[in-house]
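The values are calculated or read from the model by the stated rules, or taken from the named source; none is laboratory data. These figures come from a predicted structure and were not determined experimentally. Note that we place each Cβ from the backbone using ideal geometry, even for glycine, and neighbour counts take in every protein chain shown. Side chains included, ligands, DNA and RNA excluded: accessible areas come from the protein's heavy atoms. Shrake-Rupley method; radii C 1.70, N 1.55, O 1.52, S 1.80 Å.
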Amino acid sequence: MGKGYRLNLENRVQHLRSLWKPGHCSRMEEDTDFRIRFSSLCFITDHVGFCGTIKSSPSDFIVIEIDEQGELVNKESDKLVYEVSKVLPEPNTLAKKAKLDLQILSFEETSNQEVSTLAGSSSDDHNFVPCSEKEDTIKDRTYKGEEENVDVLGSLLDEKTNELLNQFACNIKEKWDSKTELIGPSPEFSLGRILDKNQRATLHSAIRQKFPFLITVGKNSEIVVRPNLEYKELCHLVSEEEAFDFFKYLDAKKENSKFTFKPDTNKQHRKAVHHFVNKKFGNLVETKSFPELNDSADNPNVVITVRFRIKAHKHRKRSLLESQGRKDIYTAFTLRKENLEMFEAVGFLAVKLGVIASDFSYAGLKDKKAITYQAMVVRKVTPERLKNIEKEVEKKRMNVFNIRSVEDSLRLGQLKGNHFDIVIRNLKNQINDSANLRERILEAIENVKNKGFVNYYGPQRFGMGRKVHTDQIGLALLKSETVKAVKLFFTPEDLDDPVNRAKKYFLQTEDAKGTLSLMPEFKVRERALLESLHRFGVTEEGCIQAWFSFPHSLRIFYVHAYSSKIWNEAVSYRLATYGSRVVEGDLVCLDEDVDNEQLPSSKVHLVTEEEESANTYAIHQVVLPVLGYNIQYPKNKVGQWYQEVLSRDGLQTCKFKIPTLKLNVPGCYRKILKHPCNLSYQLMEDHGIDVKKEGSHIDEATLSLLISFDLDASCYATVCLREIMKHDF
């Protein structure tokens, strides 16, 4: 993957001693210091590991979001310039052309352009058929009831034009079937000007039924026919018969309908099909993989099912006038920040743009002590307005780019994952380990590359303070103890700085107005809470109102932190109790291709005694529930453990719904193991000499490790590194 930046290792080594020994499998004990609690979590691998220092500087830890199409968001895009909103009265006719092709809408009223994708049937893509025979083949494969659509061409087009259209279609198909590449500009065929709008719409539909490998483009009443390259691309992945049926399904737009590709045992091929459909038509449909019933567990046949997204389906039904009348403006951009907390960055942008923090949406949270790139969308702000504050933003160690108009906000989890480029410095052997350090590093990386790592939520999920962590605030909110949650939020660390002095003053006096005068301007969250407390008072009702000064995503963040902490403890207990065996009562994921936590309960299976005996499932399929009202628990010792913990924390009757704060926590399922992808590494000295070659003799204390890898959404690089190094940070 392209980096778009250069890592400079020279003059950046800091000799910091390692702080913690690797942990051992054990049930976690209560402790006020989270670092001690985290160090007790189990590992899945058994290598020795090594010690080192991460995040010596923000540039040693670079995080780049990977969007749903698999692209790095830090890439500059010529297509996504902010001037796009100046060109078109509607922002939805250019940037998403490939997806809008399927909607068969006329845009003449707003942009003088019509676009539609043509879906129909054709001959098998592996057999070459002469042109005249192909026409017969197409007619033979036409579904019943479609003859009317085909005959429409004869009634609306004169005989000469109809003949030329058929000849154009056959020429395109012959070149594709003979593997001949189309050289030069894409060939076109004009049907001429059709003045009647209804006739144009009928022609679009009729051609779509007969020639799935063509598209029509309407401009100034003229209809132009071109090759449908998306159809050709899909035929490289599936049979032409499947491609035909898929485009027919898209064209029908039947609510609650589904389309299923043929069974497939090749996981990589299935991923390619998933990627194609989501990249081209992701705003219309979603894909899921399901194993065929009564199939072999070792090499199962899996089918990919496609269905319309409910939101997208409703959007297609909206009239053009509704779309034009919508008041909200959405502007997407890529945010680069350095050594800056994400919520602080959002708060700063909100002030400069004259909006509130909740007008920003994002797919995931990012580290503070790092250089991070992530996609964002801001509501009520035009691309030009965001462009105007670029210089001010740079002073805050931020950059905004790839600015463009979009149709909606982002949602949490709307990403494929993250790419990491990390420098680990001051490499050393573990205490009392005299083995060759280079061999230890190689052994550790290869072990985790092959076996994976325990998919814990990372320490940054819980805050890095020693006194109070976000999970404690989340627990108080779940118990509707809003005053306690506020006081936990303002609990100071043992540091003498303006922020902690202000927090200490508030806890001593409950004087919100006085604390505001002490709290630094850059502490946006603290000041927002204090302003509400000054207005409503430090009472139960006042604190409820104060929490509403935070956007919903931040209020739910604290509750998720508590659920995440319990999940970490649960998976460590499960591995300590049962190891890598899949046992009766375990929960397993039946969808092999799922890469995130959006796993419905219908795809979670309870392992039976017979399945345990037959070793039907592997450890990488095991999931555990993240707390919520819509999950089931394992039916073994782990399930009992969950109930004991909920009772311990006073949540035995908790419904995971907090009406007063408008928070609902349905819960989800999370795989207990994950693997890093596209992993590469390089051992280097301070001055950048590659020391990976055999026979190199160097002072090991000067070694640094540059390691790069991709992780799925909601996976943590620090957790992966912990498994590799057997070393806590």
* Asked: What about Ile194, is it open to solvent by 10 Å² or more (accessible area, probe 1.4 Å), modelled with pLDDT of 80 or more and within 35 Å of the chain's Cα centre (by Cα)?
  -> no
* Return only the number of the condition from (1) open to solvent by less than 40 Å² (accessible area, probe 1.4 Å); (2) assigned to a helix (DSSP H, G or I); (3) at pLDDT 80 or above; (4) not basic (Lys, Arg) that Val303 does not satisfy. => (2)
* Structure fact -> Residues in the range 422-435 that are open to solvent by less than 70 Å² (accessible area, probe 1.4 Å) and not in a strand (DSSP E or B) total 3
* **the range 514-536, subset free of Cβ contacts under 8 Å to residues at least 24 places away in the same chain and not in a helix (DSSP H, G or I), residue nearest to Ala485 (Cα to Cα)** => Met519
* Structure fact -> Exception for Lys219 within (1) open to solvent by 20 Å² or more (accessible area, probe 1.4 Å); (2) over 26 Å from Glu188 (Cα atoms); (3) modelled with pLDDT under 75 falls at (2)
* Asked: Scanning for something in contact with a strand residue (DSSP E or B) (Cβ under 7 Å, 6 or more places away or on another chain), part of a helix (DSSP H, G or I), modelled with pLDDT under 95 and open to solvent by less than 80 Å² (accessible area, probe 1.4 Å), does the range 410-421 turn up at least one residue?
  -> no
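Every residue, every condition in (1) among the small types (Gly, Ala, Ser); (2) out of contact with any strand residue (DSSP E or B) (no Cβ under 8 Å at 6 or more places or on another chain); (3) in contact (Cβ under 8 Å) with a residue 12 or more places away in the chain, yes or no:
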| position | (1), (2), (3) |
| --- | --- |
| Asn228 | no, no, yes |
| Cys235 | no, yes, yes |
| Glu241 | no, yes, yes |
| Phe247 | no, no, yes |
| Lys253 | no, no, yes |
| Lys258 | no, no, yes |
| Pro263 | no, no, yes |
| Ala272 | yes, yes, yes |
| Val277 | no, no, yes |
* **Hits in the range 365-387 (condition: part of a loop (DSSP other than H, G, I, E, B), without any contact (Cβ under 8 Å) to a residue 60 or more places away in the chain and in contact with a strand residue (DSSP E or B) (Cβ under 6 Å, 6 or more places away or on another chain))** => Val381
* **Scope the range 345-364; condition in a helix (DSSP H, G or I) and surrounded by fewer than 17 Cβ atoms within 10 Å (Cβ to Cβ); matching residues** => Val351, Lys352, Ser358
* Structure fact -> Checking Lys317, Lys311, Lys279 in turn, the sole residue that is closer than 30 Å to Ser549 by Cα and modelled with pLDDT under 85 turns out to be Lys311
* To do: Could you please find all residues in the range 466-502 being open to solvent by less than 30 Å² (accessible area, probe 1.4 Å) and farther than 30 Å from Leu646 by Cα?
  => Val499, Asn500, Ala502
* Asked: Of everything in the range 615-661 that's in contact (Cβ under 8 Å) with a residue 24 or more places away in the chain and among the small types (Gly, Ala, Ser), which residue is farthest from Glu592 (Cα to Cα)?
  -> Gly650
* Structure fact -> Within the range 647-673, residues being over 19 Å from Tyr457 (Cα atoms) and either within 31 Å of the chain's Cα centre (by Cα) or open to solvent by less than 10 Å² (accessible area, probe 1.4 Å) (or both) number 12
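Is it the case that Thr202 is among the hydroxyl-bearing types (Ser, Thr, Tyr), surrounded by 17 or more Cβ atoms within 10 Å (Cβ to Cβ), over 30 Å from Lys262 (Cβ atoms) and in contact (Cβ under 8 Å) with a residue 12 or more places away in the chain?
Spelling it out, Thr202 is indeed among the hydroxyl-bearing types (Ser, Thr, Tyr), surrounded by 17 or more Cβ atoms within 10 Å (Cβ to Cβ), over 30 Å from Lys262 (Cβ atoms) and in contact (Cβ under 8 Å) with a residue 12 or more places away in the chain.
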* Asked: Can you tell me which residues in the range 388-409 are out of contact with any Asp or Glu (no Cβ under 8 Å at 6 or more places or on another chain) and in a strand (DSSP E or B)?
  -> Ile403, Arg404, Ser405, Val406
* Wholly within the range 538-627, which helices (runs of 4 or more DSSP H) include no fewer than the required count, namely at least 1 residues that are among the charged types (D, E, K, R) and open to solvent by less than 30 Å² (accessible area, probe 1.4 Å)? -> 552-578
